[in-house]
Amino acid sequence: MTSQEPQDLVVQALLDRIREDPYPSREQMAIIERSLTPEMAREYLDTLLEKVGQDRFPSNELLRRLEQVAKSNPVKESFAAEESHPAERSDQDVEPR
């Protein structure tokens with residue numbers, strides 16, 4: 001087990017909680033953001049986008065977090081990796097509209 005795996009488990013557990021909670025905990029989101037890796041960044045960004053899309057009037061805090069995360073290095077690295085290896089992103093990762 002690498003040192004990153006336990007951290008990934010924590011981030012995944014918190015992501016699951018944030019998805020289920022209509023008003024996610026600031027602290028849970030802060031923990032994710034401190035622990036975010038490029039591998040988990042896209043999933044977190046997608047989760048925040050989903051939260052914003054579900055709420056008719058998303059909070060300013062959630063919108064600021066979304067903006068911060070979108071500009072973060074892990075997200076930029078995630079998108080750069082996808083651009084250099086587009087076949088690695090499966091059709092399952094893309095939600096139908």
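The values are calculated or read from the model by the stated rules, or taken from the named source; none is laboratory data. Bear in mind the structure is a predicted one, so any value in this text is a computation, not a measurement. No Cβ is skipped: glycine too gets one built from the backbone with ideal geometry, and neighbour counts run over all protein chains shown.
Okay, residues lined up against (1) in contact with a Pro (Cβ under 9 Å, 6 or more places away or on another chain); (2) surrounded by 14 or more Cβ atoms within 10 Å (Cβ to Cβ); (3) at pLDDT 90 or above:
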position	(1), (2), (3)
Asp8	no, yes, no
Val11	no, yes, yes
Asp21	no, no, yes
Met29	no, yes, yes
Arg56	no, no, yes
Leu66	yes, yes, yes
Glu88	no, no, no
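Restricting Glu5, Glu39, Glu33 to residues that are more than 15 Å from the chain's Cα centre (by Cα), part of a helix (DSSP H, G or I) and closer than 24 Å to Glu77 by Cα narrows the list to Glu5.
So that you can scan it fast, the table gives a plain yes or no per residue for (1) over 21 Å from Glu82 (Cβ atoms); (2) in contact (Cβ under 8 Å) with a residue 12 or more places away in the chain:
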{"residue": "Val11", "(1), (2)": "no, yes"}
{"residue": "Arg17", "(1), (2)": "yes, no"}
{"residue": "Gln28", "(1), (2)": "yes, yes"}
{"residue": "Ile31", "(1), (2)": "yes, yes"}
{"residue": "Ser35", "(1), (2)": "no, yes"}
{"residue": "Pro38", "(1), (2)": "no, yes"}
{"residue": "Glu43", "(1), (2)": "no, yes"}
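Restricting attention to the range 42-72, the residues that are in a helix (DSSP H, G or I), over 9 Å from the mean Cα position of the chain (by Cα) and not aliphatic (A, V, I, L, M) total 11.
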